[in-house]
Amino acid sequence: MRILVTGGAGFIGSAVCRELVRNTEHTCINVDKLTYAANLASLAEIEASDRYRFYKADICDGALMRKIMDDEEVDAVLHLAAESHVDRSIDGPSAFIMTNIVGTYALLEASRERCENSPGELKDRFRFLLVSTDEVFGSLGDEGEFTEETPYDPSSPYSASKAAADHLARAWHRTYGFPALLTNCSNNYGPYHFPEKLIPLTITNALDGIEIGVYGAGTNIRDWIHVEDHARALLAVLDKGRLGESYNVGARSERTNLQVVETICDVLDDIRPKPGSGSHRDLIRFVSDRPGHDFRYAMGADKVGAEVGWQAQIDFEAGLRQTVQWYIDNEDWWRPLKSGVYTGERLGLGS
């Protein structure tokens, strides 16, 4: 199979590209606009493979997307390209509307044209998987979990734009019979994560001995999954999922934000103690909360287990320790980002 991965130089997209080249026989065609959070260094280990291609391109350019699909004889699309940081969507929502909604529309149309103008064999095997987020469902209270039937209730410009993309994919399936599938995933963590998000920002700030900001009282709860588990889930859904269906992907690893930050500090105290004395926890500072901050996410993943046979393999504590060690060992990957692209400034205040 020849799989087009959009956003393949991003955090989750690069994990999918590495998984495809390392552990399958598929050909990976990576399309990425190379915005601030993309990093081709995340793909260094596979860039020389004869089953890997890279195109710098914008998914909003439907004609170019169609040309790449035709030139590369693509028979599946894994759509991960997205603006994804909630805080940045609060400060500047327009990029989220363009990439996540208009870009998804352009890609759906380019893919539909390829299907409709191709021999029957391609029509029968072509698949389009839109990768989405648990944030489209809004916020949970103290109990319960999201299922595939949970009504959409997005809270931020980011989650609203992803909800719109989800609805477009469903509409293309229902109206045109387009072979679309969807996944909605919980928070990802792991290596090669751009250091504006909670876990990599906490690790890199702690390594630099600077303040670790925690929103509000740190009681907001997220469900965490290792990015390599997520990559395996996406390939399983692409292979075995039922067209027109959505699948929730999660590892049932709920933690408060404060618990995550404190665990990172404890791991660092163990493997990279602070110079002198004291704990990395001493760096924690509570800061004003994010506007519209959802209280809790929790993903029910029964359907993806029952229908495609996937389940998470990486324990959160073990995966987090591995992630901390990766950032210690790969300063040459993240240091240029924090000294140039993103220096750790507070985002998401609507300014």
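The values are calculated or read from the model by the stated rules, or taken from the named source; none is laboratory data. Just so we're clear, the structure is a prediction, and the values are computed from it rather than from any experiment. Cβ: placed from backbone, ideal geometry, glycine included. Neighbour counts: every protein chain shown.
Some points to look at:
- Restricted to the range 295-333, and to residues there that are of a type in the set (Lys, Arg) and not in a strand (DSSP E or B), the residue that is farthest from Asp142 (Cα to Cα) is Arg321.
- The listed residue being among the acidic types (Asp, Glu) and surrounded by 15 or more Cβ atoms within 10 Å (Cβ to Cβ), out of Asp208, Asp282, Asp229, Asp270: Asp229
- Test result for Gly276, at positive phi and surrounded by fewer than 13 Cβ atoms within 10 Å (Cβ to Cβ): yes
- Filter result for Val260 (surrounded by 14 or more Cβ atoms within 10 Å (Cβ to Cβ), closer than 30 Å to Arg125 by Cβ and of a type in the set (A, V, I, L, M)): no
- Checked against (1) assigned to a strand (DSSP E or B); (2) over 20 Å from Gly241 (Cβ atoms), Ala164 passes all but a single condition, namely (1).
- Taking residues in the range 131-144 that are under 21 Å from Ala15 (Cβ atoms), and partners anywhere that are of a type in the set (Val, Ile, Thr) and surrounded by 15 or more Cβ atoms within 10 Å (Cβ to Cβ), the pairs with Cβ atoms closer than 6 Å and at least 6 places apart or on different chains are Val131/Thr183.
- For Ala106, the stated conditions do not hold, so it cannot be described as among the hydrophobic types (A, V, I, L, M, F, W, C) and either out of contact with any helix residue (DSSP H, G or I) (no Cβ under 6 Å at 6 or more places or on another chain) or under 17 Å from Leu181 (Cβ atoms) (or both).
- Residue match in the range 147-160 (condition: surrounded by fewer than 21 Cβ atoms within 10 Å (Cβ to Cβ), touching a Lys or Arg at 6+ places or on another chain (Cβ under 9 Å) and within 30 Å of Ala318 (Cβ to Cβ)): yes
- Among (1) closer than 21 Å to Leu238 by Cα; (2) of a type in the set (Asp, Glu); (3) crowded, with 19+ Cβ neighbours inside 10 Å, the one test that Glu83 misses: (1)
- Note on the range 49-135: enclosed strands (runs of 3 or more DSSP E) holding 1 or more residues that are more than 15 Å from Thr6 (Cα to Cα) are 127-133.
- Taking the criterion of being of a type in the set (S, T, N, Q) and either closer than 30 Å to Trp310 by Cα or at pLDDT 95 or above (or both), the residues of the range 252-285 that qualify are Ser253, Thr256, Asn257, Gln259, Thr263, Ser279.
- Residue tally, condition outside any helix (DSSP H, G or I) and either among the polar types (S, T, N, Q) or in contact (Cβ under 8 Å) with a residue 40 or more places away in the chain (or both), over the range 10-25: 2
- Top-ranked residue of the range 326-351 - restricted to ones that are surrounded by fewer than 13 Cβ atoms within 10 Å (Cβ to Cβ) and among the polar types (S, T, N, Q), ranked as nearest to Ser156 (Cα to Cα): Ser351
Conditions (1) of a type in the set (Asp, Glu); (2) in contact with a helix residue (DSSP H, G or I) (Cβ under 9 Å, 6 or more places away or on another chain); (3) within 26 Å of Ala9 (Cβ to Cβ), marked per residue:
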{"site": "Lys303", "(1), (2), (3)": "no, no, no"}
{"site": "Val308", "(1), (2), (3)": "no, yes, no"}
{"site": "Glu317", "(1), (2), (3)": "yes, yes, no"}
{"site": "Gln325", "(1), (2), (3)": "no, yes, yes"}
{"site": "Glu331", "(1), (2), (3)": "yes, yes, yes"}
{"site": "Trp334", "(1), (2), (3)": "no, yes, yes"}
{"site": "Glu345", "(1), (2), (3)": "yes, no, yes"}
{"site": "Leu349", "(1), (2), (3)": "no, yes, no"}
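- Considering the conditions (1) farther than 19 Å from Arg88 by Cα; (2) free of Cβ contacts under 8 Å to residues at least 40 places away in the same chain; (3) not hydroxyl-bearing (Ser, Thr, Tyr), Ala163 is excluded by exactly one of them, (1).
- Residue satisfying all of: in the range 26-75; in contact (Cβ under 8 Å) with a residue 40 or more places away in the chain and aromatic (Phe, Trp, Tyr); surrounded by the fewest Cβ atoms within 10 Å (Cβ to Cβ) among these: Tyr36
- Listed by first and then second residue, the pairs linking a residue in the range 168-194 that is at positive phi and in contact (Cβ under 8 Å) with a residue 40 or more places away in the chain to a residue that is crowded, with 20+ Cβ neighbours inside 10 Å and aromatic (Phe, Trp, Tyr), with Cβ atoms under 7 Å apart and 6 or more places separating them unless they lie on different chains, are Tyr192/Phe11.
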